[in-house]
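Everything below concerns the one structure shown next.
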Amino acid sequence: MMKGEEIIKKYDFHDSCVVGILHEMDNIKIKIDLCMWRQKGYIDGERELKEVILKFYSVHDYKWNSYKKEEDIDYDTILQISYNKKIIKIILEDNDVSIITFKCNEIELIE
């Protein structure tokens with residue numbers, strides 16, 4: 001598991017796509033098609049996309065700001081994921097912009 005600032009430094013989520021969001025008690029799982037070609041150490045010819053799950057633990061103050069419903073997420077593009085003072089902010093774009101914000105303690109990237 002990692003802290004927010006660690007995962008932001010280790011992975012580049014820009015242009016990756018969110019496949020779905022699942023709430024489990026006080027945890028959130030976000031299924032992502034991660035753009036491997038944007039990651040450090042990527043070598044031409046390797047897989048360009050990899051499905052991963054970002055699991056956020058002990059989530060609170062969750063806010064969904066969008067014209068569409070969460071369950072209508074269907075391959076929305078990640079414009080930015082940021083972390084500041086234990087607050088995760090995820091900006092997604094489809095036809096409109098959706099913004100997710102919440103506080104969490106730890107994050108796990110599951111391959």
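The values are calculated or read from the model by the stated rules, or taken from the named source; none is laboratory data. Only a predicted model underlies this, so the values are computations on that prediction, with no experimental measurement involved. Don't worry about glycine lacking a Cβ; one is built from the backbone with ideal geometry, like all the others, and counts go over all protein chains shown. Note: areas computed on protein heavy atoms with side chains; ligands, DNA, RNA excluded. Shrake-Rupley method; radii C 1.70, N 1.55, O 1.52, S 1.80 Å.
Quick one: which of Glu5, Glu71 is among the acidic types (Asp, Glu) and either in a strand (DSSP E or B) or free of Cβ contacts under 8 Å to residues at least 40 places away in the same chain (or both)? Quick ask: steps written out before the conclusion?
Numbers: Glu5 fails: either in a strand (DSSP E or B) or free of Cβ contacts under 8 Å to residues at least 40 places away in the same chain (or both).
Result of the check over Glu5, Glu71: Glu71.
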The range 40-60 residues that are under 16 Å from Leu109 (Cα atoms), paired with ones that are among the aliphatic types (A, V, I, L, M) and assigned to a loop (DSSP other than H, G, I, E, B) (beta carbon under 8 Å, 6 or more apart): Tyr57/Met1
Candidates Asp44, Asp33, Asp61, filtered to the one that is of a type in the set (Asp, Glu) and within 15 Å of Glu93 (Cα to Cα): Asp33
Restricting the range 59-78 to residues that are surrounded by 12 or more Cβ atoms within 10 Å (Cβ to Cβ) and more than 15 Å from the chain's Cα centre (by Cα), the residue that is modelled with the lowest pLDDT: Lys68
Qualifying positions in the range 79-96 - under 15 Å from Asp15 (Cβ atoms), open to solvent by 50 Å² or more (accessible area, probe 1.4 Å) and assigned to a strand (DSSP E or B): Leu79, Gln80, Glu93
Neighbours by Cβ (under 8 Å, 6+ apart or cross-chain): first from the range 89-103, free of Cβ contacts under 8 Å to residues at least 60 places away in the same chain and basic (Lys, Arg); second in a strand (DSSP E or B) and open to solvent by less than 10 Å² (accessible area, probe 1.4 Å): Lys89/Ile100; Lys103/Ile88
Residues located in the range 18-37, provided they are open to solvent by 20 Å² or more (accessible area, probe 1.4 Å), in contact (Cβ under 8 Å) with a residue 40 or more places away in the chain and among the aliphatic types (A, V, I, L, M): Val19, Ile21
Subset of the range 74-86 (residues that are more than 16 Å from Val19 (Cα to Cα) and without any contact (Cβ under 8 Å) to a residue 60 or more places away in the chain): Asn84, Lys85
Count of residues meeting criterion [assigned to a loop (DSSP other than H, G, I, E, B) and closer than 21 Å to Ser98 by Cα] in the range 12-25: 5
